[in-house]
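Reviewing the structure listed below.
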Amino acid sequence: MSKLPRSTILLPVFVPAAAIMLLLVIGTAINPDAAGELFSKVLAFTTDTFGWFYMLAVAIFLMFIIALAFSPYGSIKLGPDHAEAEYKFLEWFAMLFSAGYGIALLFYGVAEPVLHFASPPLSTPQTIEAAKEAMQIAYFHWGFHIWAIYGVVGLSLAYFSFRHGLPLSVRSTLYPLNAISINR
């Protein structure tokens, strides 16, 4: 009889997260109106309180990615030093671009601006101001800023996975913090 592969699920992380998700699903199924009201209040509190932080973080990500690209760190290979690129630059760029914008063009490309035009966060619906606001939101969501977020997350995953052989998981990006705590 062959052995089953060992699970990579970390139970101390999975069990509390699964329990919270299960409670949210059950609570929402039991009383959807109260859950909707609660979620709306939490969303309003979060955006009103931390919206500035989100905008600042995204701007810092964009500046960081640009600085990283033009610094000496921008030439670090995402694999062993002797590795050759598997794809040419244009092929690689086409894959990233099509994966990132595939959903935008097929679904959100029209739906998001129309949604924000019909129900804008700040201006009167279906006015010139609403159209301008809708396009600003769409450009923010699908412009350079979103690519900066993708870039920071993608580069950190790729670096620790392909350069250091760690699992392709967000937890691998925290590896340096784990190494520091082990060396103390």
Self-check item: Taking all pairs of distinct alpha-carbon atoms in the chain, Kirkwood radius in angstrom
Solution: 20.8
Quiz item: If Lys and Arg each add +1 and Asp and Glu each add -1, what is the summed charge of the other residues whose beta carbon sits under 14 Å from the beta carbon of MET135?
Solution: -2
Practice problem: Kindly point out which whole DSSP H helices in the chain project their C-alpha atoms 24 angstrom or further along the helix axis while averaging a Kyte-Doolittle hydropathy of 0.0 or above. | Solution: 11-30, 32-70
Quiz item: For the stretch 17-41 and the stretch 89-167, what is the separation of their Cα centres, given in Å?
Solution: 28
Quiz item: Taking Cα pairs under 8 Å and at least six residues apart, what relative contact order does the chain come out at, in percent?
Solution: 20
Quiz item: Do the sum for the chain: with -39,500 (n - 2.57) for every DSSP H run of n ≥ 4, divided by all residues, what is the mean residue ellipticity at 222 nm, to the nearest 500 deg cm²/dmol?
Solution: -22500 deg cm²/dmol
Practice problem: Give me ILE128, ILE76 ranked fewest to most by other Cβ atoms within 10 Å of their Cβ, as a rough exposure proxy. | Solution: ILE128, ILE76
Quiz item: At each listed q (0.13, 0.23, 0.25 Å⁻¹), what is the log10 of I(q)/I(0) that the Debye formula gives for the stretch 1-88 modelled as equal alpha-carbon point scatterers?
Solution: -0.91, -1.09, -1.14
Self-check item: Whichever lysines have a C-alpha closer than 25 Å to that of LYS88, once near sequence neighbours (fewer than 8 apart) are set aside
Solution: LYS77
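Each reported figure results from applying straightforward, stated rules to the coordinates on display, with no laboratory input. Just so we're clear, the structure is a prediction, and the values are computed from it rather than from any experiment. With ideal geometry, Cβ positions are generated from the backbone for all residues, glycine too; neighbour counts draw on all protein chains shown.
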